[in-house]
Amino acid sequence: MAPEPEIPRDSTAIIDSSVLIAMGGPDNEQYQAFEQFVKDRTLTVYIPGHVAEEMGESPDAYAYQRDRLRAAQNAGWLKPGRIDFSTPGVSEVVDKTRKRMLNLSAEDVTEDEIEKTDTILAGLAYQYATGDATYVTLFVSNTKAEQAIEDVLSAADVGDITSVIEGRSFIANLVADQFG
Amino acid sequence: MSADNRIAGTQTDPEETFNDFLTYAELLNTPQLARLYTFILRDGPVEIETIKTELDMPHSTTYKYLGRLEEMGVLTRHDDETPTTVTVEPIHLQLDTEHGVVTATPVLIDAIGRQRETEDIRVFVDRQGIPKLAAALHYTLRIMDGDFTQRTGANKLGVHPVEGMTVFTALEDVIEEAAEYDPYLDRAD
């Protein structure tokens, strides 16, 4: 199955930690497939500062996840992305994403269970889409984030230059295409 | 315990029910046995030689565990075939306690059996134990159903987001594959 929608060459991508987790380390074919894809499309890939911090604060037993982050950064294809709340519209997008996620979630989800890091992803995508990026692809970790962020970015009039994709299945498809 | 444990109109076999309960508990506490059980459930009927080769399990261990599954009453030997093949029954438990009702099915046994080969599951079980892995499986199914994000799931599970996202991602792989052999997966909530 071809990855959908088509990700334009020379565009911008933002990844959540779930992508790093699903990729595994540099020895894994998932990691290699994603790295190859990024190079082939000459994508600029960012990891939000909040996501990197979250990884940095994780229990020591998960140091191997931090190593994956570092490996991608050392290989030169992953850069830190910094959200700028002074960019017009960014804080509104973050706020709307929090509300949208709460609305779309099951009834037993409370507002304080909606994580800020999930909403920051939407804000950063909006910031890049209204800045220098020609197109922004956001790789998220689940269908709920995908749906909520997609709705908010569309309502903020950047729906045609952004796409939100579930990272784990995207990588599975890449592996099937490259190694299958 | 009173007469109401005899559910009207159903055939209750208390001995077999408790046997299922003990079998399930033993599978959860014995990762190698869990791995063997899942392999046979997925590929059965399967020859014993194939099990040894595919799982890279010594002869004596293989026969010890096959014998154990047979004693538990979940394994059937098909001696009429040459060479002999084996199959296992998918175990399905509905647990109703003061903490609520959960359904335990083969997919959790599969997750337990993967500890050797999947670091993400092994680290989680070492740190958090098997009940928490069962809870993680429950929340993974809800994440896949679109009930909430992985980070919200980590909050509900009471673990660090990275720990939650790591185990949810590993369990998503297990669940996707389990759809082929776990007939009760839809109800494993």
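The values are calculated or read from the model by the stated rules, or taken from the named source; none is laboratory data. Because the structure is predicted, anything quoted here is derived from the model rather than measured. All Cβ positions, glycine included, derive from the backbone under ideal geometry; neighbour counts span all protein chains shown. Keep in mind that these areas ignore ligands, DNA and RNA; they rest on the heavy atoms of the full protein, side chains included. Shrake-Rupley method; radii C 1.70, N 1.55, O 1.52, S 1.80 Å.
Check segment B:49-62 and report whether any residue there is of a type in the set (S, T, N, Q) and at pLDDT below 90.
no
When the residues of segment B:156-189 are filtered to those that are surrounded by fewer than 21 Cβ atoms within 10 Å (Cβ to Cβ), in a loop (DSSP other than H, G, I, E, B) and charged (D, E, K, R), which remaining residue is nearest to the other protein chains (Cβ to nearest Cβ)?
B:ASP189
Look through segment A:150-171, keep the residues that are without any contact (Cβ under 8 Å) to a residue 24 or more places away in the chain and assigned to a helix (DSSP H, G or I), and return whichever of them is most open to solvent (accessible area, probe 1.4 Å). I'd like the intermediate steps shown before the answer.
Step one: filter segment A:150-171 for residues without any contact (Cβ under 8 Å) to a residue 24 or more places away in the chain, giving A:150, A:154, A:157, A:159-160, A:169.
Cutting the leftovers down to assigned to a helix (DSSP H, G or I) gives us A:150, A:154, A:159-160, A:169.
Working: A:GLU150: 79, A:SER154: 66, A:GLY159: 31, A:ASP160: 123, A:SER169: 51 Å².
Checking each candidate, the answer is A:ASP160.
Please verify whether A:ILE21 is aliphatic (A, V, I, L, M) and either open to solvent by 20 Å² or more (accessible area, probe 1.4 Å) or not in a helix (DSSP H, G or I) (or both), treating the condition exactly as stated.
no
Only one of A:THR97, A:THR117 is closer than 17 Å to A:VAL164 by Cα, buried (at least 19 other Cβ atoms within 10 Å of the Cβ) and hydroxyl-bearing (Ser, Thr, Tyr). Can you tell me which?
A:THR97
Within the set of pairs 6 or more residues apart or between chains, which connect a residue that is within 12 Å of another protein chain (Cβ to nearest Cβ) and closer than 16 Å to B:GLU177 by Cβ inside segment B:114-128 to a residue that is among the aliphatic types (A, V, I, L, M) and assigned to a helix (DSSP H, G or I) with Cβ atoms less than 6 Å apart?
Taking only residues 6 or more apart or on different chains, the pairs are B:THR118/B:ALA170; B:ASP120/B:ALA170.
Tally time: how many residues in segment B:99-141 are assigned to a helix (DSSP H, G or I) and of a type in the set (Val, Ile, Thr)?
First, pick out the residues of segment B:99-141 that are assigned to a helix (DSSP H, G or I): B:106-113, B:119-128, B:130-141.
Those still in the list that are of a type in the set (Val, Ile, Thr) too: B:107, B:109, B:112, B:121, B:123, B:125, B:130, B:140.
Residues in segment B:99-141 being assigned to a helix (DSSP H, G or I) and of a type in the set (Val, Ile, Thr): 8 in total.
Looking at segment A:53-67, I want the residues that are facing chain B (nearest Cβ under 7 Å) and have a partner that is surrounded by fewer than 12 Cβ atoms within 10 Å (Cβ to Cβ) with Cβ atoms under 8 Å, at least 6 apart or on another chain. Which pairs are those?
Filtered contacts from segment A:53-67: A:ALA61/B:ASP126.
Any residue in segment A:74-90 that is assigned to a helix (DSSP H, G or I), without any contact (Cβ under 8 Å) to a residue 24 or more places away in the chain and away from every other protein chain (no Cβ under 14 Å)?
There is at least one residue in segment A:74-90 that is assigned to a helix (DSSP H, G or I), without any contact (Cβ under 8 Å) to a residue 24 or more places away in the chain and away from every other protein chain (no Cβ under 14 Å).
Pairs, please: C-beta under 6 Å, at least 6 apart or cross-chain, first residue in contact (Cβ under 8 Å) with a residue 60 or more places away in the chain and in segment B:152-181, second part of a helix (DSSP H, G or I) and open to solvent by 40 Å² or more (accessible area, probe 1.4 Å)?
Here the result reads B:TYR181/B:ARG42, each pair linking segment B:152-181 to a residue that is part of a helix (DSSP H, G or I) and open to solvent by 40 Å² or more (accessible area, probe 1.4 Å).
Considering only segment A:35-66, state which residues are open to solvent by 10 Å² or more (accessible area, probe 1.4 Å) and among the hydrophobic types (A, V, I, L, M, F, W, C).
A:PHE37, A:LEU43, A:ALA52, A:ALA61, A:ALA63
Among A:ALA145, A:ALA125, which is the only one that is crowded, with 21+ Cβ neighbours inside 10 Å and touching a strand residue (DSSP E or B) at 6+ places or on another chain (Cβ under 7 Å)? Spell out the reasoning first.
Details: A:ALA145 fails: touching a strand residue (DSSP E or B) at 6+ places or on another chain (Cβ under 7 Å).
Criteria check complete, one pass: A:ALA125.
Any idea which of A:GLN127, A:GLN147 is assigned to a helix (DSSP H, G or I) and either more than 14 Å from chain B (Cβ to nearest Cβ) or over 16 Å from the mean Cα position of the chain (by Cα) (or both)?
Result of the check over A:GLN127, A:GLN147: A:GLN127.
Kindly provide the set of residues from segment B:30-57 that are closer than 18 Å to B:ARG114 by Cα and more than 19 Å from the chain's Cα centre (by Cα), ordered by number.
B:LYS52, B:THR53, B:GLU54, B:ASP56, B:MET57
Which one of these is farther than 30 Å from B:THR76 by Cα and open to solvent by less than 10 Å² (accessible area, probe 1.4 Å): B:GLY153, B:GLY129, B:GLY113?
Unique residue meeting the criteria: B:GLY153.
Can you spot a residue in segment B:61-72 that is assigned to a loop (DSSP other than H, G, I, E, B), open to solvent by 80 Å² or more (accessible area, probe 1.4 Å) and among the charged types (D, E, K, R)?
Within segment B:61-72, not a single residue is assigned to a loop (DSSP other than H, G, I, E, B), open to solvent by 80 Å² or more (accessible area, probe 1.4 Å) and among the charged types (D, E, K, R).
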